[in-house]
Amino acid sequence: MNLHKSCFYLGETEWSRNGRYTGISDIPLLPEGEEKVRQTASVVFGGGRLIDPSKLTSVICSPRKRARRTLEILLEQVEDTTTKKTLADRTNVTEEIAEWGYGDYEGLYTQQIQELRRSRGLDTDRPWDIWRDGCEGRGGESAAQVQERLDGLISQITSTHKEALEKGDRRSNIVVVAHGHILRAFVKRWLNFDMGARLELMLEPGGVCGLSYAHGHVEQRAVLVGMSFPGST
C-alpha cells in the first residue's frame, strides 16, 4: 500500500501571467485561470480518479483568495454532499503553505528586482537568486525561513501518513493547494534537497503533481514522475 500527496498549483492571475511576483497580494484568478482549473479537475479530481475525494484525510490550502478559489473549483467536482462537507471540515487553510514572502519585491518583475538590489549595492559579483538570497524588506523571507515552515508542515504530513500506513488505512491521501515558488520549495524539501540546490522545476497554472513514498516507507519521500489517470467509476 502507498499513500499520495497531490500538489495543486492554483489558476492563472493577471500578475502571474505577466511574470510579477505575487505573494501577499490578493489578486483574483482570471476567468481563463478558473477554466483551466476546471479542466484539470474534471480529469484528476473525483471518485475513482487520481485524486479521489473519498480517500482524502486532509486538504491544506494557502489563505490567499486565489488559492481558496482554486479549491472551491476543485470541490465543485464533488457531487455527494456528505463527502463535500467532510472535506470542508478537513480543510486546513494555513500560512504554512502561503507563497514565499517577497517583501520589497512584491508585484515586481525579475528585472526590476535585480535593478533594485544593484541600487542597494547587492549582487556585484553574481545575479540575484531567490533560492540563495531570499527577499528583502518587511515580510520578505529568506530561504532558511521558508525551509523552516515547510519542514514543519512536512513533518505533520509524514506523521499522519506513518500512522495511516501502520493501520493499513488507504484513505489518508492529502491535497495541497498553493503557489508556484512555495510548491517548488515544498518539492525540494520533500526530497531533502537544500533550498539552494539546483533542481529546475516547472509548474503550469492549474496543474497537479504527485508526491509519495518509495516502498511505502515515510523515510523515503519521493516524487511520482509517472502517474496513471484512472477514469471515474
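The values are calculated or read from the model by the stated rules, or taken from the named source; none is laboratory data. Here the structure is a predicted model, which is why all the values come from computation and not from measurement. Reconstructed Cβ throughout: ideal geometry from the backbone, glycine too, with neighbour counts over all protein chains shown.
Go through (1) under 23 Å from residue 221 (Cα atoms); (2) at pLDDT 95 or above one by one and return the number of the condition residue 66 breaks.
(1)
One residue is enough: does segment 124-131 have a residue meeting the conditions in contact (Cβ under 8 Å) with a residue 24 or more places away in the chain and of a type outside the set (Phe, Trp, Tyr)?
Yes.
Among 211, 183, 165, 201, which is the only one that is modelled with pLDDT of 95 or more and of a type in the set (A, V, I, L, M, F, W, C)?
From the options 211, 183, 165, 201, the qualifying one is 183.
I'd like the residue in segment 31-67 that is among the β-branched types (Val, Ile, Thr) and in a strand (DSSP E or B) and, out of all such residues, is surrounded by the fewest Cβ atoms within 10 Å (Cβ to Cβ).
Step by step, filter segment 31-67, then rank; the result is 57.
Within segment 162-233, which strands (runs of 3 or more DSSP E) (wholly inside it) include 1 or more residues that are farther than 28 Å from residue 89 by Cβ and more than 12 Å from the chain's Cα centre (by Cα)?
221-223
Six or more apart or on different chains, Cβ atoms under 6 Å: show the pairs whose first residue is in segment 43-67 and farther than 15 Å from residue 79 by Cα and whose second is among the small types (Gly, Ala, Ser) and modelled with pLDDT under 90.
Short answer, once both residue conditions are applied: 57/172.
What are the pairs, 6+ residues apart or on separate chains, where a residue within segment 94-114 that is over 17 Å from residue 67 (Cα atoms) and in a helix (DSSP H, G or I) has its Cβ under 6 Å from a residue that is at pLDDT 95 or above and of a type in the set (Val, Ile, Thr)?
If the second residue must be at pLDDT 95 or above and of a type in the set (Val, Ile, Thr), the pairs left are 105/113.
Out of 168, 121, 137, I need the residue that is surrounded by fewer than 16 Cβ atoms within 10 Å (Cβ to Cβ), touching a residue at least 60 places away in the same chain (Cβ under 8 Å) and at positive phi. Which one?
Result: 168 is the single residue among 168, 121, 137 that is surrounded by fewer than 16 Cβ atoms within 10 Å (Cβ to Cβ), touching a residue at least 60 places away in the same chain (Cβ under 8 Å) and at positive phi.
Residues 150, 87: which one is surrounded by 14 or more Cβ atoms within 10 Å (Cβ to Cβ), among the hydrophobic types (A, V, I, L, M, F, W, C), within 19 Å of the chain's Cα centre (by Cα) and modelled with pLDDT under 95?
87
Scan 72, 12 and give me the residue that is surrounded by fewer than 17 Cβ atoms within 10 Å (Cβ to Cβ), closer than 18 Å to residue 176 by Cα and either in contact (Cβ under 8 Å) with a residue 24 or more places away in the chain or among the acidic types (Asp, Glu) (or both).
72
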